[in-house]
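The values are calculated or read from the model by the stated rules, or taken from the named source; none is laboratory data. Keep in mind it's a predicted model, so treat the numbers as computed, not measured. Here the Cβ positions follow ideal geometry from the backbone for every residue, glycine too, while neighbour counts run over all protein chains shown. Side chains are part of the model used for accessible areas, which takes the heavy atoms of the whole protein and leaves out ligands, DNA and RNA. Shrake-Rupley method; radii C 1.70, N 1.55, O 1.52, S 1.80 Å.
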Amino acid sequence: MLRTWSAVYNVGIDDIDHQHQGFFAAAHRLYDDILEREGKNAVEDAMAFMRNYAEEHFQTEEAFMRKHEYPGLKEHLMLHAGFFRRLDELENDLMMFGPSQALADRALDITQDWLIDHIADEDMLYSLHVKAKGVTDLRAI
Ligand SMILES: [Fe+2]
């Protein structure tokens, strides 16, 4: 199910909250382009856009966690790597079977729904960590 961005997803670090909204938009674009079906190039473009967006976003988060010596960094890096593994599997299946409603639903599950859970379960933790340290300059970029 397509969801709308909600303020409850904010972690309170503006740069990261903006990127999360962009990640959401990239997930929706991928879903829509898979459902368009006729446009193989559109699917490839949306997939590449999603991948590049995620790479850039994860780099921002990882640099932020390193800067603030977040103790859960190693585990967090593994979760980011897991995201790309599932995206790779989806891309393989799209190439093998072609776009379908089932693959569009799976795309939404591994991008939009993954992000919502990841924010609540993981990103909130580094946000709490920096706030507990009393950091007031919360720029991530
Ligand atoms: Fe993250």
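Of the numbered criteria (1) more than 14 Å from the ligand (Cβ to nearest atom); (2) surrounded by 14 or more Cβ atoms within 10 Å (Cβ to Cβ), the one Met95 fails is (2). Which condition from (1) open to solvent by 90 Å² or more (accessible area, probe 1.4 Å); (2) in contact with a helix residue (DSSP H, G or I) (Cβ under 9 Å, 6 or more places away or on another chain); (3) more than 16 Å from the ligand (Cβ to nearest atom); (4) not β-branched (Val, Ile, Thr) is the one that Arg66 breaks? If we test Arg66 against (1) open to solvent by 90 Å² or more (accessible area, probe 1.4 Å); (2) in contact with a helix residue (DSSP H, G or I) (Cβ under 9 Å, 6 or more places away or on another chain); (3) more than 16 Å from the ligand (Cβ to nearest atom); (4) not β-branched (Val, Ile, Thr), just (3) comes out false. For Leu35, indicate whether it is surrounded by fewer than 19 Cβ atoms within 10 Å (Cβ to Cβ), among the aliphatic types (A, V, I, L, M) and in contact (Cβ under 8 Å) with a residue 24 or more places away in the chain. Yes; evaluated as a whole, the condition is true for this residue.
Of all the criteria given as (1) under 14 Å from His20 (Cβ atoms); (2) surrounded by fewer than 15 Cβ atoms within 10 Å (Cβ to Cβ); (3) away from the ligand (no atom under 14 Å from the Cβ), the one not satisfied by Asp117 is (3). Does any residue of segment 108-124 turn out to be on the phi > 0 side of the Ramachandran plot and out of contact with any Lys or Arg (no Cβ under 8 Å at 6 or more places or on another chain)? Scanning segment 108-124 turns up no residue that is on the phi > 0 side of the Ramachandran plot and out of contact with any Lys or Arg (no Cβ under 8 Å at 6 or more places or on another chain).
Of the residues making up segment 120-141, just one is small (Gly, Ala, Ser) and open to solvent by less than 10 Å² (accessible area, probe 1.4 Å), namely Ser127.
Would you confirm whether any residue within segment 100-108 is within 12 Å of the chain's Cα centre (by Cα) and open to solvent by less than 30 Å² (accessible area, probe 1.4 Å)?
Yes, segment 100-108 contains at least one residue that is within 12 Å of the chain's Cα centre (by Cα) and open to solvent by less than 30 Å² (accessible area, probe 1.4 Å).
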